[in-house]
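Notes to accompany the following structure.
The values are calculated or read from the model by the stated rules, or taken from the named source; none is laboratory data. Keep in mind it's a predicted model, so treat the numbers as computed, not measured. Don't worry about glycine lacking a Cβ; one is built from the backbone with ideal geometry, like all the others, and counts go over all protein chains shown. Accessible surface areas use protein heavy atoms only, side chains included; no ligands, DNA or RNA. Shrake-Rupley method; radii C 1.70, N 1.55, O 1.52, S 1.80 Å.
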Amino acid sequence: MRLHALVDNLETARIAVEGGATVIQLRVKGISTDELVEIGRPFRALPVTFVVNDDVEATLRLEADGVHLGRSDPGAERALAPRPRRQTSSTTATTSTCQMEWEVKDDA
């Protein structure tokens, strides 16, 4: 089973993982990249695929597994650029959540 959870804090992420989530997407609106990186650091220790919402720079700095970008979000070109093996997946909101999950997992 695959379960993709959107969370805005580590406590919720841990609960989601305990409940069977296989993908955690950190989605926190209205904060800076630096703040997002600070919040996101502990997420790397979770035993799941880690996706950051809307922020390519934070994704790269956190060495997240992927980034979720909406059609109007900047950075798609940068998200798709080659990077170290740990960071091989990225996606946009033009795909469905199910497709995005498969893309993230297939590249991992």
Any residue in the stretch 34-60 that's under 20 Å from G19 (Cα atoms): show its pairings with residues that are open to solvent by 30 Å² or more (accessible area, probe 1.4 Å) and at pLDDT 95 or above at Cβ separation under 6 Å, as long as the two are six or more apart or on different chains.
-> P42/L10; L46/V17; V48/V17; V48/T22
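Kindly provide the set of residues from the stretch 29-43 that are in a helix (DSSP H, G or I) and open to solvent by less than 60 Å² (accessible area, probe 1.4 Å), ordered by number.
First pass over the stretch 29-43, keeping only residues in a helix (DSSP H, G or I): 33-43.
Once the filter is applied, which keeps residues that are in a helix (DSSP H, G or I) and open to solvent by less than 60 Å² (accessible area, probe 1.4 Å), the stretch 29-43 yields T33, L36, V37, G40, P42, F43.
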Provide a single number: the residues in the stretch 44-55 that are open to solvent by less than 10 Å² (accessible area, probe 1.4 Å), touching a helix residue (DSSP H, G or I) at 6+ places or on another chain (Cβ under 6 Å) and of a type in the set (A, V, I, L, M).
-> 1
So L62, is it within 25 Å of R2 (Cα to Cα) and either open to solvent by less than 10 Å² (accessible area, probe 1.4 Å) or out of contact with any Asp or Glu (no Cβ under 6 Å at 6 or more places or on another chain) (or both) = yes
Of all residues in the stretch 1-51 being of a type in the set (A, V, I, L, M, F, W, C) and modelled with pLDDT under 95, the one that is farthest from D65 (Cα to Cα) | M1
